Every structure is written in C-alpha cells, then in structure tokens.
Amino acid sequence: MSKLDEAFEVKPPEVLELREQFATPDQQRQTAMVGIWIFLITEVLLFGALFTAFTVYRLSDPQGFDLGSKDMDTVLGSVNTAVLICSSFTMALSVYFAELGKRKSLALFLILTMLIGTAFLAIKFTEYHSHWVDHKVPGLWFEDHSPHAAKIEMFFVFYFIMTGLHALHMTIGLGVLTVLLFRTAIGSITAEYHTPIEVGGLYWHFIDIVWIYLYAIFYIPGIHLK
Amino acid sequence: MKEPVVSIRTYTITWLALLILALATTLLGFLNLGPFSMGIAILIATAKAALVVAFFMHGRYESKLIHVIIAAGVIWFLIMISNTLGDYITRGRLPVPGK
C-alpha cells in the first residue's frame with residue numbers, strides 16, 4: 001500500500017473509536033471537542049477584528065453607514081437569515097441521529113443541510129449580482145452622488161469583505177459536510193463513534209452565528225430609511 | 001445505547017425561538033430608534049448566538065473546560081473591541097501630552 005493510499009484509508013469504526021494515543025473513548029472525544037472549540041475561538045478573533053474595524057469606521061460617520069445599509073436588499077437578507085437558521089436546525093438534527101446511530105436519517109439530514117446551505121449561497125450571489133448592477137462595487141464600479149459617498153463606499157468595502165469571508169466559510173462548510181456524508185455512507189459513523197459529525201456541526205453552527213451578527217450590522221440600520 | 005444529549009423538542013423550540021428573534025430584529029429595524037437601533041439589533045443577535053451555542057452546539061451540556069474556552073473567546077473579543085474603541089472614541093476629547 002502506498003503512502004497516499006494509507007493516508008486516505010478508511011479505518012473501521014472499532015479502530016476509530018479508540019486510537020492508540022488515548023486511554024478512553026471519552027478522553028478522545030474530549031480532546032476533539034477542545035480542539036474544535038479553540039479553533040472556533042480563533043475564528044471569533046478573525047471575524048472580531050473585522051467587526052471592530054467596522055465599528056471604528058461606522059463611528060466616524062454613522063449616517064453615511066446607515067445610508068449604505070439602505071442599499072441592502074432587506075427581503076433577500078432576511079430570507080437568508082431564516083434559511084441559515086433552518087440549516088443549523090437540520091445540522092443539529094444530523095447530530096441527533098448520529099448519536100442514535102441512525103445512518104439513513106443522518107445522511108438525509110446532512111444532505112438537507114447541504115441543500116439549504118447551497119440555497120443560502122445562491123441567494124447571497126443573487127444579492128452580489130444586484131449590487132454589481134446597481135454600481136455598488138467599491139473599486140471596480142461604484143457610483144453614488146450623496147455627500148456621504150465616500151463612507152457609503154467604505155460600508156460596501158466592509159460588506160463585501162465580511163460577507164465574502166462568510167461565504168468562503170460556507171463553501172468550506174459544504175466541503176466538510178461532503179466528507180461527513182461520504183464517511184456516513186461507508187459506515188464509519190456509529191452511535192459509539194460520531195465525533196466527526198459533532199465537530200463538523202460545531203463549525204456549521206459557528207458560521208450561522210457569524211451571519212446572525214452580519215445581518216444585524218449590515219441590513220438592520222438602514223431599513224427605516226427606505 | 002445512550003440517549004442523545006439534546007432532545008428533538010429542545011432543538012425545535014430553539015429553532016422557533018431563533019426564527020422569532022430574527023423576525024423581531026427585522027421589525028425593530030422599521031422603527032427609527034436612532035442611535036439605539038444598532039445596539040438593540042446587536043443585543044438580539046447576542047441572544048440568538050447564546051441560544052445557538054447553548055443548545056445547537058451543546059455548550060450547556062459540555063464540560064467546564066469547554067465553558068472556560070468559550071468564555072476566553074468572548075473575553076478576548078471584548079478586550080479587543082473595548083480597548084480599540086476606548087482609543088478612537090476619546091481621540092480629540094482628551095489632551096495628548098506634548099502635542
């Protein structure tokens with residue numbers, strides 16, 4: 001067996017349940033949980049820095065940022081928030097069925113989560129397209145004649161960077177779910193060993209939390225100006 | 001076989017609560033609350049985030065170690081934002097020695 005084959009070799013659940021460096025399966029699970037939570041905390045700081053920068057710029061001209069928020073599509077944004085909350089719900093149910101060891105239900109809910117996640121991205125890119133059509137893409141094609149034009153452009157810089165980074169996380173999340181679905185299909189997820197589903201789920205829920213905040217800062221402040 | 005950590009009932013209630021809070025955020029946006037509108041939106045978002053962490057992410061049922069890690073993340077973020085804003089908000093208001 002070549003090195004590459006070895007790396008991709010799928011080990012049976014009995015082997016995965018307790019790897020040699022751990023004393024008990026519970027210790028192995030705890031280790032994985034600490035790992036993913038620490039990773040998520042680094043993500044909090046990654047997005048946190050952007051939220052901090054956004055707040056600093058917004059404080060310099062709140063009115064300008066509210067005018068930028070006025071150009072957001074409230075309907076698409078709100079629908080997307082609901083869509084993402086639903087995908088978190090189906091992901092939570094995936095974990096539920098993984099804990100029970102019900103492989104078919106687990107696979108079904110993983111597929112549902114992926115479909116809803118894809119719908120989110122489709123709606124997001126519809127929005128990006130409408131910004132392009134409205135000439136609201138900073139640097140490439142931006143037109144605005146209000147006295148706050150410079151700040152509105154800055155608003156859109158943050159909008160594209162932050163929602164773009166979020167969309168990138170969603171895409172990676174879909175990749176993670178694909179791997180989990182594959183592992184479910186070949187039977188390496190059982191009631192005794194389903195840590196990968198839990199870990200993937202935590203990542204997916206985290207992306208949901210980021211969007212909850214993005215929705216609050218980008219879409220809400222401008223609604224009353226419409 | 002072990003029982004799942006969180007019941008479907010709890011998941012469903014969390015899901016509905018999240019949808020209701022999202023709707024509340026949108027509806028509050030239509031009221032002109034001036035400088036408070038952003039603060040209230042962030043407050044509701046934090047309530048939603050807490051629900052997701054506690055129930056969807058099983059935060060409530062995890063060990064103390066995980067609780068410490070979550071708290072560390074929140075605290076470090078608060079340090080970052082409060083120190084940065086402490087600088088920016090007070091610029092031009094406080095005298096700078098030697099300037």
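Where a number appears in this text, it was derived from the coordinates with a stated rule and is not lab data. In this text, all values refer to a predicted model and were calculated from it rather than measured experimentally. Glycine gets a Cβ as well: all are built from the backbone with ideal geometry, and neighbour counts include every protein chain shown.
Considering each residue of region A:6-27 in turn, none proves to be within 14 Å of chain B (Cβ to nearest Cβ), closer than 30 Å to B:ASN83 by Cβ and either surrounded by fewer than 19 Cβ atoms within 10 Å (Cβ to Cβ) or of a type outside the set (A, V, I, L, M, F, W, C) (or both).
Taking the residues in region B:57-69 that are of a type in the set (Val, Ile, Thr) and within 8 Å of chain A (Cβ to nearest Cβ) as candidates, determine which candidate is nearest to A:LEU59 (Cα to Cα). Across region B:57-69, the extreme among qualifying residues is B:ILE69. Within region A:44-74, the residues that satisfy the criterion of being hydroxyl-bearing (Ser, Thr, Tyr), facing chain B (nearest Cβ under 8 Å) and under 27 Å from A:THR126 (Cα atoms) are A:THR55, A:THR74.
Sub-9 Å Cβ pairs linking a first residue in region A:89-117 that is within 12 Å of chain B (Cβ to nearest Cβ) to a second residue that is surrounded by fewer than 17 Cβ atoms within 10 Å (Cβ to Cβ) and of a type in the set (Asp, Glu), at least 6 apart or interchain, are A:GLU99/B:GLU3; A:LEU100/B:GLU3; A:GLY101/A:GLU192, ordered by first then second residue. Filtering B:ALA54, B:ALA72, B:ALA22 for residues that are more than 9 Å from chain A (Cβ to nearest Cβ) and closer than 29 Å to A:PHE54 by Cα leaves a single hit, B:ALA54.
Only one entry of B:ILE75, B:ILE70, B:ILE44 meets the criterion of being out of contact with any helix residue (DSSP H, G or I) (no Cβ under 9 Å at 6 or more places or on another chain) and among the β-branched types (Val, Ile, Thr), and that entry is B:ILE75.
For region A:175-221, the set of residues classified as in contact with a Gly (Cβ under 7 Å, 6 or more places away or on another chain), facing chain B (nearest Cβ under 8 Å) and in a loop (DSSP other than H, G, I, E, B) consists of A:ALA191, A:TYR219, A:ILE220, listed by residue number. When the test is whether a residue is farther than 22 Å from A:THR90 by Cβ and assigned to a helix (DSSP H, G or I), B:ILE20 does not pass it.
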